[in-house]
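Right, one structure below, let's go through it.
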Amino acid sequence: MQVQDIPILRYGEANRLSVRTRDEDNAELGPNDVRIAVKYSGINFADVQMRLGQYYDAPPRPFVPGYEVSGVVDAVGSEVERYSIGDEVVAGTYFGGYTSTLVVPAQQVFPLPASTSLAEGAALPVNFFTAYCALFEMGRVREGDRVLIECATGGVGTLAVQMARYAGAEVIGLTTSPDKKAYIEALGARAMTLDEFYADESAANFDFILNASGGRDVKKQMNRLGLCGRIVCIGINASVRDGKKSTLRLLWTALRTPIIPVLALFNKNRGVFGFNGLTVLQDPVWVERLTGKLALIDEMGLRPHVDKIFPAADVAEAHRFLETKQARGKVLIGW
Ligand SMILES: NC(=O)c1ccc[n+]([C@@H]2O[C@H](COP(=O)([O-])OP(=O)(O)OC[C@H]3O[C@@H](n4cnc5c(N)ncnc54)[C@H](OP(=O)(O)O)[C@@H]3O)[C@@H](O)[C@H]2O)c1
């Protein structure tokens, strides 16, 4: 059968991405695998970083990026009982998600949640698991907490704000784009630009902070934690500007990301976490544990916001849209 995908052949700017067509052998379907006719592939900020060659977890080139898809099951392995041909599903992948046909172990597939459209489904795996782990497994956010969510207009941030609000927290969402404050307010949080936040010293005493910038912002934000406050670091956005590759910027951001000695945390009564979804979701125990949490999507009434769906042929434009901060919520590729 013919399959289309979008490989990273050379690192660089978005215009290096394009669709490739190849023949795939049907025999590749193992007994515990599910084959999905992909309708939508989710784009994540990490995909931009891997396209630039700035993502140390990525496999060697050439490889197909992409961590998540939604679509319809069109073949199942001989041992698979949970899924049948025609089921609408969502799947998480360890790379390889920018494809029109995906073969994945059934363990990485889950049914489309009842309240979710197929497009919204492709916006769930990475964003839900990241926000859930950061807020609740690490951060233990609960009612009455003061919560700060950086990158609140992104895919992760959109769900993180909703989850924290559901838990009964008071939430401030940060953006670097003043015109996106209304988007954050519509999610139920108070919105501030990063500049406004740093200028307002009364925005402090947080119980939980979700940091996405890395670099010197980690320290600056840590200083806004209250007693027993937790900061979970999930990204190093500061290492990328306008989707351009810069080894110097990457190094500079890494150098300015603090190394924190445990003894320095004692008197401050703080917790600092780092989160990497790829490692958590490669552990079978955690995959099962987290898959069990998917029911929370309906229970909490979580709604990913799909901003724009680009046809696969326009993948370069889709990356540009994301990396130039035009997106509110999630950007998808449609097949
Ligand atoms: N550790 C993990 O396992 C894991 C998993 C998922 C995501 N993450 C990290 O979480 C963060 C959010 O990811 P996401 O996929 O939700 O983000 P996203 O949807 O791609 O968010 C894009 C938004 O990020 C903001 N932004 C801040 N700095 C930026 C920069 N240098 N270049 C472009 N946009 C920038 C912009 O919003 P404003 O205009 O509102 O500022 C932009 O619209 C990223 O750092 C990502 O690497 C980590």
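Quick notes on this structure:
- Residue list for segment 23-43, filter: open to solvent by less than 70 Å² (accessible area, probe 1.4 Å) and of a type in the set (Lys, Arg): 35
- Looking only at segment 169-205, residues that are of a type outside the set (A, V, I, L, M) and away from the ligand (no atom under 15 Å from the Cβ) come to 6 in all.
- Single residue of segment 141-168 satisfying the filter (assigned to a loop (DSSP other than H, G, I, E, B) and within 15 Å of the ligand (Cβ to nearest atom)) that is nearest to the chain's Cα centre (by Cα): 154
- For segment 51-82, a residue qualifies if it is in contact with an Asp or Glu (Cβ under 8 Å, 6 or more places away or on another chain), among the aliphatic types (A, V, I, L, M) and surrounded by fewer than 18 Cβ atoms within 10 Å (Cβ to Cβ), and exactly one does: 72.
- In segment 302-323, the residues that are in a strand (DSSP E or B), open to solvent by 40 Å² or more (accessible area, probe 1.4 Å) and either within 12 Å of the ligand (Cβ to nearest atom) or basic (Lys, Arg) (or both): 307, 308
- Some residue of segment 18-33 being touching a strand residue (DSSP E or B) at 6+ places or on another chain (Cβ under 8 Å) and either within 19 Å of residue 294 (Cβ to Cβ) or within 16 Å of the ligand (Cβ to nearest atom) (or both): no
- Selection count where residues are outside any helix (DSSP H, G or I), crowded, with 19+ Cβ neighbours inside 10 Å and of a type in the set (Val, Ile, Thr), scope segment 172-194: 2
- Test: residue in segment 324-333 that is open to solvent by 40 Å² or more (accessible area, probe 1.4 Å), aliphatic (A, V, I, L, M), modelled with pLDDT of 95 or more and away from the ligand (no atom under 11 Å from the Cβ): no
- The set of residues from segment 171-193 being in contact (Cβ under 8 Å) with a residue 24 or more places away in the chain, hydrophobic (A, V, I, L, M, F, W, C) and under 21 Å from residue 224 (Cα atoms) comprises 171, 172, 174, 184, 189, 191.
The values are calculated or read from the model by the stated rules, or taken from the named source; none is laboratory data. This structure is a prediction, so every number in the text was calculated from the model and none was measured. Counting neighbours? That spans all protein chains shown, and the Cβs are built from the backbone with ideal geometry, glycine included. The accessibility values were calculated without ligands, DNA or RNA, using every heavy atom of the protein model including side chains. Shrake-Rupley method; radii C 1.70, N 1.55, O 1.52, S 1.80 Å.
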